[in-house]
Amino acid sequence: MVQTLSEMRADECGAILEIHGGQGLTNRLGALGIIPGKKITKISSASARGPVTIQVNRSQVALGFGMASKILVNVDRKAG
Amino acid sequence: MKILLMGNPNVGKSVLFSRLTGVRVLSSNYPGTTVGYTRGFMKVNDEPAEVIDVPGTYTLEPTCEAEEIALKMLKTGDVVISVIDATNLERNLYLTLQLLEKDIPVIVALNLWDDTRHRGINIDLDKLESILGIPVIPTSALTGQGIKNLVRSIPRASAPHAPALNLNERWALIGNITGQVQQITHRHHRWYERLEDASVKPRFGYIIAALVLSASFFIIRFIGESLIGYLFDPLFDNLWTPVLMKLSNFMGGGGFWHDVIVGKLISGEIHFVESFGLLSSGLYVPFAMVLPYIVSFYLILGLLEDIGYLPRLAVLLDTTMHRLGLHGYAIIPTLLGLGCNVPAVLATRVLESKRERFIAATLVCIAIPCVSAQAMIFGLVGKYGVQYVAIVYATLFIVWLILGTILNRTMKGLSPELLIEIPPYRFPPWRTVFQKLGMRIRGFLVEAVPIILAAVLVINILFVMGVFDYIANFAAPVITGILGLPKESVTAVVIGFLRKDAALGMLALSPMTAKQMVIGSIVLTMFFPCIATFVVLLKELGLKNFLKSAGIMISSAIIVGGILNILL
């Protein structure tokens, strides 16, 4: 199932599909290893459109809600 | 020779730096910016070499001011030590690969090496060395392991002139490299990793934040008050007072220059807060009132920073701070302000944009009472009842929220979105903690103290010349009419313009009702920061923005005071 990073629930994982953003955003995220194809796990999201924390490679990154809603993720769902 | 230490933030670069260099460490701002860096010296093959701790960066395609400067510094170096977090090889290799494309010899310090084992990571060093084509030295800056080997290997650094790749090619190459050299065995989460996750999740996060913050305040106050009570006050009372009294006698005990230099004698004695001479209050305020809190605040702040808690706090509070046009990191200056506004205004430098720095500094000066203002509020307003103290605090908090929202809505520009790495918790070595503390204290002494003294001198001359009485006449209608304060308090409020510490005390001398006392304290708190903050603010914002900020302070103080006069 494809969802934006902001829509995903905590503790779900998936692979990044696409980043809808300009070159600037792609570069900033890219330098942190957030690129299409990368497996990520959502750790938590703050309430009320707050920042989203994800695990990418072996580090944790917090990103603003706006950025998170520009990232499309192919979310893994266990059957049943 | 100039050696650059480069690496991602939070890879132990500063600890490595303090291991490599001796005691002569200098911190400077990159010319024309607020980005700071540190320099030190070491010996390579018995030759002296300069070591520069370049601001942490993720990429050489700059995405912020600090990274732009890192790139500029790269062009001035002779050799780069690329510091890599061995427990996070993938992300760290990105910067190293970019460095290999440049025309400068590079050597890798594979730091936090001792951490890899219990994180279940196995790295094949020889293979990594041969793939990258440069020396790779495992180090542990914390324990000092591998440092000698690193220093010995610096001359072997080489520039392989790798072909330039784009973002996706680089990540593909990294995937390829880590696939060859790194093996990860799965293991269970440790207790501190659970704590790491818990501290960014809303429910537990807020509980942890409340605990950490209240503990910090308690410790900061304890250290600050102890330093004042047992060290600085006795020093001033026992050593400095006799010297000043001699000088006072020598200058005839009064007169224009006496009052400017020594200060007005209060019942024949020097009062360090109220005399307001250049050599009495002028020295006492920065050294005995502000410095102790600078020491204790920066000690605790440095610890929270190096342990890795601050980014988590920033994430938790980001939503709230965003409404005020700030992002989560602005919580640092705000918290500092509750102790002393001077380091708070200095700390607004951690914020990215000019707009954020302006909003944060203005909010701190208006709505965050420092420890001494709070002591006064408790002492003066508390006499009338706890509920009145609560009104003062609640009003200031509401002002902070409303004013922040207004500034956010009216000022041009957007508040930048948060994008930060959350490092694992690590306990820093005391050596690094104290080195950082020492540098920050030196920064305060060099940057703030001289201007505070100069400002005290100028204000003293104006005060003794009677300029304040003139302003008092002018301001009287506003103070009695709009704010509803008694005529006797006019001078106190006007003096509060620049002499906050004395002003609250003077308020107590005029006959005040509880309501008037509440309004008086709020107005004095919001009106203007103390003289020390005043000068630091001017220096940080520049004249134009400073005037704007001061205008906001005065008008919001009058508006809030006026509203309270009607409501209460």
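The values are calculated or read from the model by the stated rules, or taken from the named source; none is laboratory data. All of these numbers come straight from a predicted model, not from anything done at the bench. Note that each Cβ is placed from the backbone with ideal geometry, even for glycine, and that neighbours are counted across all protein chains shown.
Brief remarks follow.
- Any chance B:Leu462 is within 14 Å of chain A (Cβ to nearest Cβ) and free of Cβ contacts under 8 Å to residues at least 40 places away in the same chain: no
- Pick from the range B:121-131, criterion part of a helix (DSSP H, G or I), touching a helix residue (DSSP H, G or I) at 6+ places or on another chain (Cβ under 7 Å) and of a type in the set (A, V, I, L, M), ranking: nearest to B:Thr87 (Cα to Cα): B:Leu128
- Set side by side, the residues B:Gly144, B:Gly179 differ, and just one is surrounded by fewer than 17 Cβ atoms within 10 Å (Cβ to Cβ) and at pLDDT 90 or above, which is B:Gly179.
- Some residue of the range B:280-295 being part of a helix (DSSP H, G or I) and either free of Cβ contacts under 8 Å to residues at least 24 places away in the same chain or farther than 24 Å from B:Leu453 by Cβ (or both): no
- Any hit, the range B:312-330, residues being away from every other protein chain (no Cβ under 13 Å), assigned to a helix (DSSP H, G or I), among the hydroxyl-bearing types (Ser, Thr, Tyr) and closer than 18 Å to B:Phe397 by Cβ: no
- Inspection of the range B:94-109 identifies no residue that is farther than 25 Å from B:His161 by Cβ and either within 14 Å of another protein chain (Cβ to nearest Cβ) or not in a strand (DSSP E or B) (or both).
- Some residue of the range A:31-48 being surrounded by fewer than 21 Cβ atoms within 10 Å (Cβ to Cβ), more than 11 Å from the chain's Cα centre (by Cα) and farther than 21 Å from B:Leu93 by Cβ: yes
- When the range B:352-379 is limited to residues that are touching a Pro at 6+ places or on another chain (Cβ under 8 Å) and crowded, with 22+ Cβ neighbours inside 10 Å, the one that is nearest to B:Phe218 (Cα to Cα) turns out to be B:Ile377.
- Selected residue (only one of B:Leu112, B:Leu60 is out of contact with any Leu (no Cβ under 6 Å at 6 or more places or on another chain) and touching a residue at least 40 places away in the same chain (Cβ under 8 Å)): B:Leu112
- The criterion of being farther than 27 Å from B:Ile184 by Cβ and buried (at least 24 other Cβ atoms within 10 Å of the Cβ) holds for B:Ala70.
- Taken over the range B:120-172, the criterion of being charged (D, E, K, R) and within 24 Å of A:Ile34 (Cα to Cα) is satisfied by B:Glu169, B:Arg170.
- The requirement of being part of a helix (DSSP H, G or I) and within 14 Å of another protein chain (Cβ to nearest Cβ) is fulfilled somewhere in the range B:331-338, by at least one residue.
- Considering (1) crowded, with 19+ Cβ neighbours inside 10 Å; (2) modelled with pLDDT under 90, the lone condition that B:Arg187 does not fulfil carries the number (1).
- Any hit, the range B:64-84, residues being assigned to a helix (DSSP H, G or I), over 21 Å from B:Leu351 (Cβ atoms) and touching a strand residue (DSSP E or B) at 6+ places or on another chain (Cβ under 6 Å): no
- Index of the failed condition, B:Leu93 passing every other in (1) out of contact with any strand residue (DSSP E or B) (no Cβ under 8 Å at 6 or more places or on another chain); (2) within 18 Å of B:Asn10 (Cα to Cα): (1)
- Matching option when the condition is on the phi > 0 side of the Ramachandran plot and either buried (at least 23 other Cβ atoms within 10 Å of the Cβ) or touching a helix residue (DSSP H, G or I) at 6+ places or on another chain (Cβ under 9 Å) (or both), among B:Phe297, B:Phe256, B:Phe276: B:Phe276
- Looking at B:Gly379, B:Gly413, just one residue is away from every other protein chain (no Cβ under 14 Å), outside any helix (DSSP H, G or I) and over 20 Å from the mean Cα position of the chain (by Cα), and that residue is B:Gly413.
- Counting residues in the range B:85-105 that are hydroxyl-bearing (Ser, Thr, Tyr), more than 22 Å from A:Val61 (Cα to Cα) and modelled with pLDDT under 95 gives zero.
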